[in-house]
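*Asks:* This is the structure, below, for whatever I ask next.
The values are calculated or read from the model by the stated rules, or taken from the named source; none is laboratory data. What you see is a predicted model, and the numbers here were worked out from it, not measured in a lab. Note that we place each Cβ from the backbone using ideal geometry, even for glycine, and neighbour counts take in every protein chain shown. To get the accessible areas, we keep the full protein, side chains included, count just its heavy atoms, and leave off ligands, DNA and RNA. Shrake-Rupley method; radii C 1.70, N 1.55, O 1.52, S 1.80 Å.
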Amino acid sequence: MLLQASGIGKQYGATVILSNIYVQVGERERIGLVGANGAGKSTLLRILAGESSYDGGQLFYAKGATLGYLAQDSGLQSDRSIIHEMRAVFAELLAMEQELRELEARMADPRLADDAAAYEQVLARYASLSETFRERDGYAIEATIRGVLHGMGFGDTPPETIVSTLSGGQKTRLALARLLLQKPDLLMLDEPTNYLDIETLTWLESYLRGYPGAVLVVSHDRYFLDALVEIIYEIERTSSKRYVGNYSKFVELKAADYERNMKLYEKQQDEIARLEDFVRRNIVRASTTKRAQSRRKQLERMERIDRPGGELKKASFSFEVDRMSGKDVLEVRDLAMSYDGETKLFRGVSFEVRRGDAVAIIGPNGIGKSTLLKALVGDMKPAAGAVHWGTNVTIGYYDQEQTGLTPSNSVMEELWNDYPQLEEVRIRTVLGNFLFSGEDVTKKISALSGGEKARVALAKLMLKNANVLILDEPTNHLDLVSKEVLESALLDYEGTLLFISHDRYFLNRMAEQVVELRPDGVRHFLGNYDDYLEKQQELAEMASMKAGASTKTAPASTTSAQSNSNAADSAAPASSYEAEKQNKREERQRQRRIEQLEAEIAATEADIAGMEERLTDPAVYNDYVAVQELQSTIEARKSQLSAWYEEWESLMQ
């Protein structure tokens, strides 16, 4: 057991945040911590990490266990370079490596050979240090750093970049990268999936599944929890409960618990009613008084079951439309966008959306997905191309940055200013459905949390009764329950849906088509996110086949998000047959070269490790000439290894 929390309690003034919290974390366990916004998840994580006090209970840690904690939205603050910060994690190993180089230089000095005792001492120190360095993977430091930085989305960022010049999201990702390199026995992460695109999320899941220590994670990303965790702790009404399984299993078990407990409660209530009725009818009759008194004592001794609490109060809303749009909702042709008037984010973007479609736009961070949506709603002007909306289209736009909210307004004013024709009781009813009641409606927008602002924006969107909803990351800032309510509302929506999301669970439930945005256009896929992954795998397999076989299996090209043929699940950007064949040939050559390089790198690293280990052999280190020859060979192999690494990195870009 790495950590055990027993009866932990925490309160601020008279407000109880946590009570009766029990959590235990064993070696290599993958644990998810869930609960509604404000339930106390982040507070508990800070307590477990030793960064916050607690008012009751006990905490136990395994002796010598190391803990690593990443707070929500906590970025790395530094005036040093990215590579400097990453190498700082390995300061002890790097100092060890420096000492090894110094010892090698001393061993190569002919004057040392004249002093046998000193020579033996240096050789013994070198042998011991080199063994420790090898056991702690000292030879893999640079490769490990490169791998984690690439996985966390810094593959194209120069390692000499100063950390302070990065954006807030990049600093958060870098803080996570640094923590992953530290490899503590227990990794505690608070919303680590914020600011990650789908590619980085997928890498992080894979990395954490193979992580040598334990992981305790707070997350609202249901796909992430399903892929990673094996135990769920839920915090509800200040207490915790443990469930074995991933998030989907937790939902199933919780529902079963509620149903079972409700049946037990109802059965006891029936028994209580039956006994009370018998007592009431028979207590005054001489012939039955003793039996009635017996029943009364039975009632007094009975251990009453509390009524199951059921679900906490949650938002309740639906999206309706005033009138239907025409069949052809949107046509985008050869759209290009730039962020400084010159540098293109993307070009050649063409697709169509028809009434009732549910289209997801995906792509890596920085590709221009939000910019595309802003161009569609007229908030930004395209550098080239055209956007044509169909007849009777009314647009409802949800901006992930929530720039449409006025910070100085109260919650009530925010809705009423946009819909002055509505009566106050209607506004209050709508806000109540979005969990704003009583004095909550007088709060200023500027004082709201991210989740509260999201609910205000959704309330405004609902009142618009638009027949086309354009949503930019609508599940950001929402807790798990609110996400499910939003999904249910959108599934019942009769209009057209176009949205961006990194929430793969949301993508799977909502998307009927996927448009992948690329610098040179888009690729179209029918189905949800899992269907998209399956098709991507097929395309990757086709790219590795011989040129002659690809002509029979290559997907048909299309320029519409609505494919005219069910067989055409995807389409590459329009190009000639010969150009496409050449591209595939070059891609196969690139993949083969990458595989060759990876094999050469692995073999060379093993050779170097073997030669460095030979330096610790008395038969070698007592032979000055042999040591020099071996060191010369090692340096040559390292030089070759460096060149191969550069070529590999170039091919991976």
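*Asks:* Given charges of +1 on the Cβ of Lys and Arg and -1 on the Cβ of Asp and Glu, with all other atoms neutral, how large is the dipole of the range 89-244 about its Cα centre, in debye to the nearest 20?
*Replies:* 460 debye
*Asks:* Sorted by packing (mean other beta-carbon atoms within 10 Å per residue), highest first, where do 180-189, 39-48, 378-387 land?
*Replies:* Ranked from most to least packed, the peptides come out as 39-48, 180-189, 378-387.
*Asks:* Which ³J(HN,Hα) values, rounded to whole Hz and listed in residue order, are derived for the range 469-477 from phi using the Karplus coefficients 6.51, -1.76 and 1.60 in 6.51 cos²θ - 1.76 cosθ + 1.60 with θ = phi - 60°, glycine and proline given as x?
*Replies:* So the J values, rounded to whole Hz, are 10, 10, 10, 9, 6, x, 8, 4, 6.
*Asks:* A further question on this structure: Mind pulling up the Rg/Rh value for the range 292-382? Radius of gyration and Kirkwood radius, both on Cα.
*Replies:* Answer for the range 292-382: 1.51.
*Asks:* Return the sequence-ordered ³J(HN,Hα) values of the range 91-101 in whole Hz as given by the Karplus equation 6.51 cos²θ - 1.76 cosθ + 1.60 applied to θ = phi - 60°, using x for Gly and Pro.
*Replies:* So the Karplus estimates, Gly and Pro as x, are 3, 5, 5, 5, 5, 5, 5, 4, 5, 4, 5 Hz.
*Asks:* Can you give the extra length, in nm with one decimal, that the chain gains between residue 492 and residue 619 once fully stretched, where that is 0.36 nm per residue apart less the Cα-Cα distance?
*Replies:* Gain on stretching residue 492 to residue 619: 37.9 nm.
*Asks:* On to the next question. Calculate how steeply helix 577-614 sits against the longest principal axis of the alpha-carbon atoms of the chain, using the helix alpha-carbon long axis, and give the answer as 0 to 90 degrees to the nearest 10.
*Replies:* 60 degrees
*Asks:* Given a 1.4 Å probe, how much area per residue of the range 46-151 is accessible, in Å²?
*Replies:* 55 Å²
*Asks:* Carbon and sulfur: what percent of the range 345-419's accessible surface (1.4 Å probe)?
*Replies:* Of the solvent-accessible surface of the range 345-419, carbon and sulfur hold 46 percent.
*Asks:* Here's something else I'd like to know. Determine the dipole magnitude for the range 1-127: charges of +1 sit on the beta-carbon of Lys and Arg, -1 on that of Asp and Glu, nothing else is charged, the reference point is the Cα centre, and the result goes in debye to the nearest 20.
*Replies:* Its charge dipole is roughly 720 debye.
*Asks:* A follow-up question, please. Based on the mean of other Cβ atoms within 10 Å per residue, sort peptides 451-458, 214-221 so the most packed one is first.
*Replies:* Packing order, densest peptide first, comes out as 214-221, 451-458.
*Asks:* When the Karplus curve 6.51 cos²θ - 1.76 cosθ + 1.60 is applied with θ = phi - 60°, which whole-Hz ³J(HN,Hα) does each residue of the range 67-76 get, with x for Gly and Pro?
*Replies:* Computed from phi, the couplings for the range 67-76 are 10, x, 10, 10, 6, 5, 6, 9, x, 6 Hz.
*Asks:* Under a 1.4 Å probe, what is the accessible area of the range 397-497 per residue, stated in Å²?
*Replies:* Per residue, the range 397-497 has an accessible area of 41 Å².
*Asks:* Please tell me the relative contact order of the chain in percent, rounded to the nearest whole number, where contacts are Cα pairs under 8 Å and at least six residues apart.
*Replies:* The value is 13 percent.
*Asks:* Still on this structure, please answer the following. With +1 assigned to the C-beta of every Lys and Arg and -1 to the C-beta of every Asp and Glu, and no other charges, what is the dipole magnitude of the chain about the Cα centre in debye, to the nearest 20?
*Replies:* Computed about the Cα centre, the dipole is about 3460 debye.
*Asks:* Angle check, please: helix 247-282 long axis (alpha carbons) against the longest principal axis of the chain (alpha carbons), in degrees 0 to 90, nearest 10.
*Replies:* Taking Cα atoms only, the helix is inclined about 30 degrees.
*Asks:* Just want to confirm a number: the relative contact order over the range 257-379, from Cα pairs under 8 angstrom separated by 6+ residues, in percent.
*Replies:* 16 percent
*Asks:* Counting alpha carbon pairs within less than 8 Å and at least 6 residues apart, what relative contact order, in whole percent, applies to the range 371-443?
*Replies:* The normalised contact order for the range 371-443 reaches 24 percent.
*Asks:* Can you give me the % of accessible surface on the range 121-273 that is carbon or sulfur? Probe 1.4 Å, all protein chains present, nothing else counted.
*Replies:* Using a 1.4 Å probe with all protein chains present, the range 121-273 comes out at 49 percent carbon and sulfur.
*Asks:* Right, here's the next one. Quick check: Cα centre of the range 417-433 to Cα centre of the range 130-178, how many Å?
*Replies:* 51 Å
*Asks:* Follow-up. What fraction of the DSSP beta bridges in the chain is antiparallel, stated in percent and rounded to the nearest 5?
*Replies:* Of all bridge pairs located within the chain, approximately 55 percent are antiparallel.
*Asks:* Quick check: residue separation of residue 380 and residue 290 times 0.36 nm, minus the Cα distance between them. What number comes out in nm?
*Replies:* 23.9 nm
*Asks:* Is the chain rounded, prolate or oblate when judged by the Cα gyration tensor, a ≥ b ≥ c being the square roots of its eigenvalues, rounded requiring a/c under 1.5 and prolate requiring a/b larger than b/c?
*Replies:* oblate
*Asks:* If you take the beta carbon distance between residue 401 and residue 604 as r and set R0 to 60 Å, what does 1/(1 + (r/R0)^6) give as a FRET efficiency, to the nearest 0.05?
*Replies:* Once the sixth-power term is evaluated, E becomes 0.80.
*Asks:* Would you pull out the residues with amide H under 5 Å of residue 55's amide H, same chain only if 5 or more places away, H placed 1.01 Å from N?
*Replies:* Excluding prolines and chain starts, which carry no amide H, the hits are 9, 10, 11.
*Asks:* I'd like the orientation of helix 198-209 relative to the chain: the angle between its Cα long axis and the longest Cα principal axis, in ° from 0 to 90, rounded to 10.
*Replies:* 80 degrees
*Asks:* Still on this structure, please answer the following. Using a ≥ b ≥ c from the Cα gyration tensor of the range 43-149 (square roots of the eigenvalues), is it rounded, prolate or oblate, where a/c under 1.5 gives rounded and otherwise the larger of a/b and b/c decides, a/b for prolate?
*Replies:* Verdict is prolate for the range 43-149.
*Asks:* Enumerate the amide H contacts of residue 24 below 5 Å, restricted to partners 5 or more residues apart or on another chain; note that Pro and chain-start residues carry no placed amide H.
*Replies:* Distant-sequence amide H within range of residue 24: 5.
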